[in-house]
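What follows is a single structure, written as structure tokens, with notes after it.
Each value in this text was obtained by applying a stated rule to the coordinates, not by laboratory testing. Keep in mind it's a predicted model, so treat the numbers as computed, not measured. Every residue, glycine as well, gets a Cβ built from its backbone with ideal geometry; the counts of neighbours run over all protein chains shown.
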Number of protein chains: 2
Amino acid sequence: MDIKDYMQDLGEKARKASRLMAKADSNAKDKALLTIADILEQRKAELIAANKLDLEAGADLEAAMLDRLELNDARIASMAEGLRQVAALADPIGEVSDMKYRPSGIQLGKMRVPLGVIGIIYESRPNVTADAAALALKSGNATILRGGSESIHSNQAIAICVKEGLQKVGLPEDAVQVIETTDRAAVGELLAMNEFVDVIIPRGGKGLIERISKEATMPVIKHLDGICHVYIDEQADLTKAINIAINSKTHRYGVCNAMETLLVAEAVAEKILSQLAPKYIEKGVELRGCAATKAILSDIVEATEEDWQTEYLAPILSIKVVKNVDEAIDHINHYSSQHTESIVTENYTTGRQFLREVDSSSVMINASTRFADGFEYGLGAEIGISTDKFHARGPVGLEGLTSQKYIVLGDGQIRE
Amino acid sequence: MDIKDYMQDLGEKARKASRLMAKADSNAKDKALLTIADILEQRKAELIAANKLDLEAGADLEAAMLDRLELNDARIASMAEGLRQVAALADPIGEVSDMKYRPSGIQLGKMRVPLGVIGIIYESRPNVTADAAALALKSGNATILRGGSESIHSNQAIAICVKEGLQKVGLPEDAVQVIETTDRAAVGELLAMNEFVDVIIPRGGKGLIERISKEATMPVIKHLDGICHVYIDEQADLTKAINIAINSKTHRYGVCNAMETLLVAEAVAEKILSQLAPKYIEKGVELRGCAATKAILSDIVEATEEDWQTEYLAPILSIKVVKNVDEAIDHINHYSSQHTESIVTENYTTGRQFLREVDSSSVMINASTRFADGFEYGLGAEIGISTDKFHARGPVGLEGLTSQKYIVLGDGQIRE
């Protein structure tokens, strides 16, 4: 079968399975998730053997990538645990909200429904296969998964467990399909099949996401970069400011909700920066500052225009002294990737202004940017963090994989 | 200025205005709407004079189109009234929902925010200029409007009133911009400017909408066709069934929420159809039926495969006899354009099944499909009816022009 026929066949099967999944009851979906979790644990040896093939084939990959690729006992246990957590979440499908009577006598409400078929394109980490399948399944969608070619054996081994679990509880095994070829043309076909695929979710580097957004003929839930800011206001509590600035940058470096630029009000810049700098330096963070910052911390590098636009994902921090909250907001709305920004202030009015005017998916007062995350937000699990404004914004959990339809209950009403 | 520079300039101005609109308070927005309404009424003579230029230039257009194009006293009054109604709606922006404490101590909620810049492309009816501007303005967005070339003078005249109203209350006049050229290249430029335009809403025929969806580099809220169904179940109340079937088809023919195909359960087909047919024929509706329908109503045309796929927008109705609700749902989920479907039944379980399994933007029990409309749903006004599942589905009012951001209120919390 050529690649086009293969993908069309996958698409048709997914669309068909999606109809069955949309009406599957909560119990069947949860049973499937728990069964898959058990199967993954029972097949530990097979999963590790399949993973070994990937690790051997990827022997020249860099160490960080190999680490992400590896499956071991602990990671399989955590994959299974993830499925059990998704099973424990409330079923979003069929939820009816806002029921009210209209003057015509009809009763109007909204019912939550699945999107249909979700295509997910991701890199290296094989656990995404189980995570993504779980979220799609729980939200009543069918899914077509395309992992990286470096993890093809691991992904296929996980897929077998998922299909077996679905079958065992009487759900369509085509509800989760993993593309079996590493041929790059498969991605092109997937992105062209808007009659079968309702939304594409890319997970990976900026290059991957930009390419997919450009090529996809269906909507894309995308997560580009995370250039997050913390602004320390003139009326910040000093201890909170120090704690939040340190935690937002240094809790983890390679994550999208880490702070990349610190903004400090000029009235408190000297006091704050002279206390913060030694702490950053102690942790090995390289500081780059604007002219005003350098006037306080003379031995740091000067920040360039490029610094304000960079997601370092590394122990580097750019610092800018600003006049006040207005200048902070302007800087953020210009340079931010609209991911997460936090203000540290005790002033009620300043806090309210920041909350209202900053145009990012998460806007915080007196909290670390590191809280912008599906688990911390109680979504149970997340499929990604959307930096779009359309459809889903911020951490995307089950609800982001659903839509709503209007429902009308009448007693024979007609329009006059 | 060439067309590209002209459009880029428009886009930059819109983006800038959108920042100011996002933080405009409710009072300023409402005052602008009321002021614009007054100005439109005061400038009646000028609007009618501008409209006359369009009517003269369009002398060879067909009568229906000329009628849609015409502005007169009553239509200007209704345009002004529409603006006043939008002013009276609650401001969606800044609405905070779902505030709750998380185990970490942070308090998490969602705040409703504007989308940013909305591009609206529409045909003939000049009142859309005022309607669309009003909805965009109230929802805190900036908008770029592109009307049909046949209504260019009318649209420009309305735009002058809108800008004057914005200016009078101190809002940026660039919040509403009407493209001043009829050059088709302007549309191409608009659809390419995804750095300035966040969403495109096309209003018009299927051809226009398909072309725009294909070309747009930003999300599109689109309304394709309305192939709506009524299914009369075996356990339908006869009177409700007759009323709803007649009203859904004959209340108005050229509207997207009119029924195009009637499905009838075989157990009641003879009784229902023999009563319905004379009523339809009396109203001049042409009937086309499946073989089973023709066995009851022998003198009607046989429906072809094409009929099930057609939005007639005319006094034509296709009729199909189905075995039961399962076959009705299968037919609908196959042929419907996912706009609006209604079941007539007194059976609790059948009604619940239809509500859950029919995959359309509005699903009804015992009510006319004609209720699927922004005003009937209490949205106050509608910018269109979305047949997409992504972002906005069904009648799109103010909320469809907004997004939500997460807000986090903390007391200095950091991630451990």
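Brief remarks follow.
- Inter-copy separations for A:Q309, label at 7 Å along Cα-Cβ, nm, ascending: 4.8
- The mean count of C-beta atoms from other chains within 10 Å of the C-beta of residues in A:371-377, rounded to a whole number, is 4.
- Stretch gain in nm, segment B:N333-B:E215, where the contour uses 0.36 nm per residue and the Cα spacing is subtracted: 39.7 nm
- Using a Förster distance of 56 Å, the FRET efficiency for B:Q167-B:K323 (Cβ separation, nearest 0.05): 0.30
- Those aspartates and glutamates that a straight Cα-Cα span of less than 17 Å connects to B:K44, excepting residues fewer than 8 apart in one chain: B:D54, B:E70, B:D73, B:E81, B:D131, B:E164
- Using Cβ point charges alone (K and R +1, D and E -1), the dipole size of the protein assembly as shown about the Cα centre works out to roughly 1460 debye.
- For the residues of B:196-208, the average number of beta carbons from a partner chain within 10 Å of their own beta carbon is 0.
- For the segment A:329-336, counting C-beta atoms of other chains within 10 Å of every residue's C-beta and taking the mean gives 1.
- Across the options B:C290, B:N194, B:L137, the greatest Cα extent toward the positive end of the charge dipole of chain B (unit charges at beta carbon of Lys, Arg, Asp, Glu) belongs to B:L137.
- In chain B, the beta-carbon sitting nearest the axis that superposes B on A belongs to the residue given here with its distance in angstrom, B:H391, 2.
- Mean shadow area of chain A over all directions, Cα convex hull, nm²: 24.6
- Equivalent ellipsoid dimensions for the protein assembly as shown as semi-axes, Å, which come from the Cα gyration tensor, largest first: 47, 38, 22
- Using the Cβ-Cβ distance between B:K23 and A:D25 with R0 set to 45 Å, the FRET efficiency from 1/(1 + (r/R0)^6) comes to roughly 0.45.
- Mean projection area, nm², convex hull over Cα of segment A:259-365: 6.4
- Local electrostatic count at A:G11 - Lys and Arg +1, Asp and Glu -1, tallied over other residues with Cβ under 13 Å: -2
- Annotation note: GluC sites (Glu not before Pro) in segment B:174-249 located in DSSP loop regions with a Cβ neighbour count of at most 14 within 10 Å are B:E180, B:E195.
- R0 of 60 Å, Cβ-Cβ distance A:E302-A:E46: FRET efficiency to nearest 0.05: 0.60
- Gap separating the Cα centres of segment B:321-382 and segment A:244-268, nearest whole Å: 51
- The count of lysine pairs in segment B:175-304 that are at least 8 places apart or cross chains, and whose C-alpha atoms lie under 25 Å apart, stands at 19.
- Computed over neighbours whose Cβ is under 9 Å from that of B:V268, the net charge equals -3, Lys and Arg +1, Asp and Glu -1.
- Placing pseudo-labels 7 Å out from each Cα toward the beta carbon at B:S78 and A:E180 gives an inter-label distance of 6.0 nm.
- Sorting the segments B:58-64, B:31-37 by their mean number of nearby beta carbons within 10 angstrom, highest to lowest, gives B:31-37, B:58-64.
- Here the spin labels are modelled as points 7 Å beyond Cα on the Cα-Cβ line, and at B:E346 and A:K271 they lie 7.8 nm apart.
- Share antiparallel - DSSP beta bridges, chain B, percent rounded to 5: 30
- Across the identical copies, how the A:A74 labels are spaced - nm, sorted shortest first, 7 Å along Cα→Cβ: 7.7
- Nm distances between copies for A:K100, ranked from closest, using label points 7 Å along Cα→Cβ: 2.2
- Total formal charge among the other residues, if their Cβ is under 14 angstrom from that of B:T182, Lys/Arg +1 and Asp/Glu -1: -4
- Computed as a quarter of the hull surface, the mean projected area of the alpha carbon convex hull for segment B:1-139 stands at 12.2 nm².
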